[in-house]
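Some notes on the structure that comes next.
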Amino acid sequence: MDWLNAVLQGVLLGGLYALFAAGLSLIFGVMRLVNVAHGDLVVLGAYLALVVVQTLGIGPFPAALIVVPLMAGFGYALQRLLLNVTLGKDLLPPLLVTFGLSVIIQNGLLTLFSADSQRLPAGPIETASIGLGNGIGVGVLPLLMFAAAVTVIAGLELLFARTSLGRAFRATSDDAEIAQLMGLDNRHVFAMAMALSAAIVALAGIFLAVRANFDPASGPSRLIFGFEAVIIGGLGSLWGTLAGGIVLGIAQALAAQIDPGFQILAGHLVFFLILTLRPRGLFPRMDG
Amino acid sequence: MSISAHAVERATRTSRLAGIASLFIVAALIAAPWWAGRANLRLLGEIYSFLALASLWNLLAGYTGLVSVGQQAFVGLGGYTLFAAAMVLGVPPLLAIVLAGIAGALVALPLAPLLFRLQGAYFAIGTWVAAEVFRLTFAQISMLGGGSGTSLPAGIVTGIAATRNLRDMIVYWHALGLGLGIVTAVYMILRSRTGLALTAIRDSETAAESLGIDIGRTKLAIYVLTAGLTAMTGALIFLQKLRISPDAAFSVNDWTAYVIFMVVIGGIGTIEGPLVGTLLFFLLRETLADLGTVYLMLLGAVAVSVMLKAPKGLWGLFSSATGITLFPIRRHVVPANTR
């Protein structure tokens with residue numbers, strides 16, 4: 001029963017990883033940008049939520065109403081003022097600029113909040129669980145996390161398929177130059193994609209903050225988990241990303257069952273295994 | 001005027017002067033144990049290590065297009081190979097530096113084809129995952145201290161040389177030799193046929209391939225070579241520190257972020273860039289280190305603005321304004337009568 005339980009927890013954990021990955025996948029799809037500071041933005045979102053919760057005295061989930069728009073605005077400005085300049089044929093500038101951004105965010109948080117690890121208290125929901133019999137229980141919080149991931153991905157799919165913004169995203173993804181010729185303002189389209197990505201990042205940050213301890217240096221491993229989910233799932237497929245997150249979550253949960261020291265390592269090894277056996281991921285839709 | 005009245009040369013007057021000046025500088029650096037204090041000797045050793053790492057990363061990212069943010073994998077692997085070889089197999093530490101290089105290259109050989117499946121920026125993050133795998137693996141090896149790491153036993157340290165002074169001198173010369181050796185090696189590679197192939201690949205992969213350059217092989221060769229030399233540098237770094245732990249050995253900040261900043265600020269894709277960047281980095285660090293995290297933010301901000309405003313870095317700005325190159329790679333035509 002322990003094993004079944006571990007698989008179940010792994011699936012739900014995969015939801016959080018899919019949330020880390022969805023924003024990464026989105027901006028890569030629209031503008032071929034890999035944001036190395038993505039994980040640090042997640043942690044920035046977590047700290048922002050912490051500040052909002054502490055100053056206003058509200059719960060973490062109402063705080064999302066403030067944190068998500070704030071992060072989205074930050075994402076828009078970041079793309080418009082900084083990252084748009086770096087986009088082009090050469091992959092070095094965006095990579096190095098976002099890498100520099102990652103170091104700036106980490107050390108900025110370190111200066112403001114010290115290296116102490118923090119946690120966002122969420123009240124009784126933290127420990128609430130639903131019993132499924134046979135000693136198997138599902139935490140309400142992980143379930144909420146997973147539901148959020150499914151909602152976000154379904155929402156993104158709908159947005160891509162049905163809205164004019166989604167059409168603009170698909171057009172720039174196919175050919176940015178032609179899209180511009182057809183009257184789209186790429187700078188704005190890219191900034192909207194980054195704003196959306198940052199909004200998802202904010203949500204992921206809040207869940208991260210409620211679920212576990214975090215500190216200014218937590219970013220890179222969030223980036224890595226998200227990246228692994230994207231590659232395992234296959235580039236360009238949002239549902240694939242969810243599947244990738246779940247695979248990663250199960251691998252980690254099963255390894256933790258054997259020895260907690262192997263948890264993270266096992267996730268990385270599964271990533272390399274998939275890369276060896278299925279280099280394009282489980283559900284590939286586009287080429288890198 | 002006939003064609004034969006011209007000659008194609010690489011060297012310029014400045015580069016010849018720079019060559020002569022560098023001989024004097026190297027002679028002074030070899031003699032450093034007699035004029036520099038113990039602390040300065042250590043600082044110089046550290047500068048050589050970073051110069052080596054910066055030159056190697058520049059070869060990888062600036063010339064070969066393999067932007068890795070996971071070179072700490074090989075720094076740490078080199079350090080741990082030295083400790084393992086010395087502590088478990090009883091290999092003399094200085095000899096173990098060579099073993100570390102071999103280990104780095106041997107590990108890179110099967111790793112490279114796997115990572116090459118990832119394109120562009122995803123390759124970068126893939127290298128980072130590989131470094132994390134190494135860090136988490138070494139944290140599990142209890143013989144080498146597990147997660148908390150281990151120190152090089154006194155018996156092994158005194159085996160290098162009996163007195164501390166002599167030991168410092170020997171380690172210093174090895175660091176100097178490795179630093180100079182690696183800068184020279186990078187320069188020679190770029191002047192060779194491989195260097196020409198790299199330039200061609202950088203300018204257009206399709207055109208390079210149609211001219212018969214085996215892109216995959218060239219990239220693999222550079223990746224493996226860089227890994228080996230990075231591992232040797234890592235071995236030397238931890239021989240200077242005498243203590244190793246997984247977090248220090250596989251630190252992305254120390255062995256990759258700093259190195260990237262040095263290369264980008266100095267000038268990526270130029271041989272002089274890493275040299276300028278490394279010297280500037282240490283100059284700033286020695287004067288601004290008290291600022292702590294703010295210093296790192298500043299450094300990051302400077303690197304970002306250099307990347308945006310002057311992608312060829314400080315050396316690139318200087319070189320295009322003055323036409324000066326210290327390490328001549330490019331060929332130029334010289335009329336015979338002016339030679």
## Note on the structure
Long-range share for the protein assembly as shown, i.e. C-alpha pairs more than 43 Å apart as a percent of all pairs, stands at 25 percent
### Task
Using only Cα atoms, figure out Rg for chain A and give it as a multiple of 2.2 N^0.38 Å.
0.98
### Given charges at Cβ of Lys, Arg, Asp, Glu: the protein assembly as shown dipole, positive-most of A:GLN252, A:LEU83, A:HIS268
A:LEU83
### Message
I need the Debye-formula profile for segment A:90-132: one equal scatterer per C-alpha, no solvent, reported as log10 I(q)/I(0) at q = 0.15, 0.16, 0.27 1/Å, two decimals.
### Response
-0.64, -0.66, -0.93
### Message
Less than 14 Å from a label point 7 Å out along the Cα-to-Cβ axis of B:LEU43: which backbone N atoms in segment B:266-298 qualify, by residue?
### Response
B:279-290
### Summary
Rounded to one decimal in nm, the spacing of the 7 Å Cα→Cβ label points at B:ALA36 and B:ALA161 is 1.4 nm
### Task
Measure nothing but the geometry: give the 0 to 90° angle between the long axis through the Cα atoms of B:164-191 and the longest principal axis through the Cα atoms of chain B, rounded to 10°.
30 degrees
### Message
Positive end of the dipole of the protein assembly as shown, charges at C-beta (+1 Lys, Arg; -1 Asp, Glu), about the Cα centre: which of A:ALA176, A:SER164, B:SER245 has its Cα farthest in that direction?
### Response
A:ALA176
### Karplus (6.51, -1.76, 1.60) ³J(HN,Hα), θ = phi - 60°, over segment A:89-100, in Hz, Gly and Pro reported as x
6, 7, 8, 5, x, x, 5, 6, 5, 6, 5, x
### Query
In chain B, if every C-alpha pair distance is counted and binned at 20 Å from zero, what percent goes to each bin?
29, 58, 13, 1
### Task
Specify the inter-centroid distance of segment A:1-47 and segment B:251-322, based on alpha-carbon positions, in whole Å.
32 Å
### Query
Picking from B:LEU229, B:LEU296, B:LEU53, which is most flexible by a Gaussian network model of chain B using Cα springs under 10 Å?
B:LEU296
### Query
For q = 0.14, 0.17, 0.20 Å⁻¹, what log10 I(q)/I(0) does segment B:252-326 give under the Debye formula with an equal point scatterer on each alpha carbon and no solvent?
-0.41, -0.60, -0.80
### Task
Work out the mean other chain Cβ neighbour count within 10 Å for the residues of B:138-148 and drop it here as an integer.
1
### Alpha carbon centroid spacing (whole Å) that separates segment B:44-103 from segment B:141-159
18 Å
### Query
Can you give the angle from 0 to 90° between the axis of helix B:38-57 and the longest principal axis of chain B, with both taken from C-alpha atoms, to the nearest 10?
60 degrees
### Message
For a quick check: with amide H placed at 1.01 Å from N, whose amide H comes under 5 Å from B:GLY269's, ignoring anything fewer than 5 positions away on the same chain?
### Response
B:GLY62
### Task
Give, rounded to the nearest 20 debye, the magnitude of the charge dipole that the protein assembly as shown has about its Cα centre when Lys and Arg contribute +1 at Cβ and Asp and Glu contribute -1 at Cβ.
1300 debye
### Top positive-direction residue, dipole computed over chain A with Cβ charges, set A:LEU8, A:ALA63, A:LEU33
A:LEU33
### Message
Give me, ordered by chain and number, the residues 5 or more places off B:HIS6 or on other chains with an amide H under 5 Å from its own placed amide H.
### Response
B:ALA336
#### Entry: CD proxy at 222 nm, helix term only [per DSSP H run n ≥ 4: -39500 (n - 2.57); per residue of chain B; nearest 500]
-22500 deg cm²/dmol
### Summary
Mean-square fluctuation maximum in Gaussian network of chain A, Cα pairs under 10 Å, restricted to A:ALA204, A:ALA251, A:ALA22, hits A:ALA251
### Query
About its Cα centre, what dipole magnitude does chain B give when the only charges are +1 on Lys and Arg Cβ and -1 on Asp and Glu Cβ, stated in debye to the nearest 20?
600 debye
### Query
What residue among B:ILE189, B:ILE222, B:ILE268 shows peak mean-square fluctuation when chain B is described by a Gaussian network model with Cα springs under 10 Å?
B:ILE189
## Note on the structure
Calc'd 3J(HN,Hα), segment B:65-72, phi into Karplus 6.51 cos²θ - 1.76 cosθ + 1.60 (θ = phi - 60°), Hz, glycine/Pro = x, comes to x, 9, 7, 9, 10, x, 5, 4
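Within 15 Å, Cβ to Cβ, of A:LEU203, how many net charges do the neighbouring residues add up to if Lys/Arg are +1 and Asp/Glu are -1?
Around A:LEU203, the charge tally is +2.
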### Task
With everything on Cα atoms, drop me the angle between helix A:60-78 and the longest principal axis of chain A, reported from 0 to 90° to the nearest 10.
30 degrees
### Query
Considering amide H positions built from the backbone, and no H for Pro or chain starts, which residues 5 or more places from A:GLY139, or on another chain, come under 5 Å of its amide H?
A:ILE130
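The numbers here are math on the coordinates, done by the rules we state, and not lab data. Everything numeric in this text was worked out from a predicted model, so none of it was measured. Backbone-built Cβ (ideal geometry, glycine too); neighbour counts: all protein chains shown.
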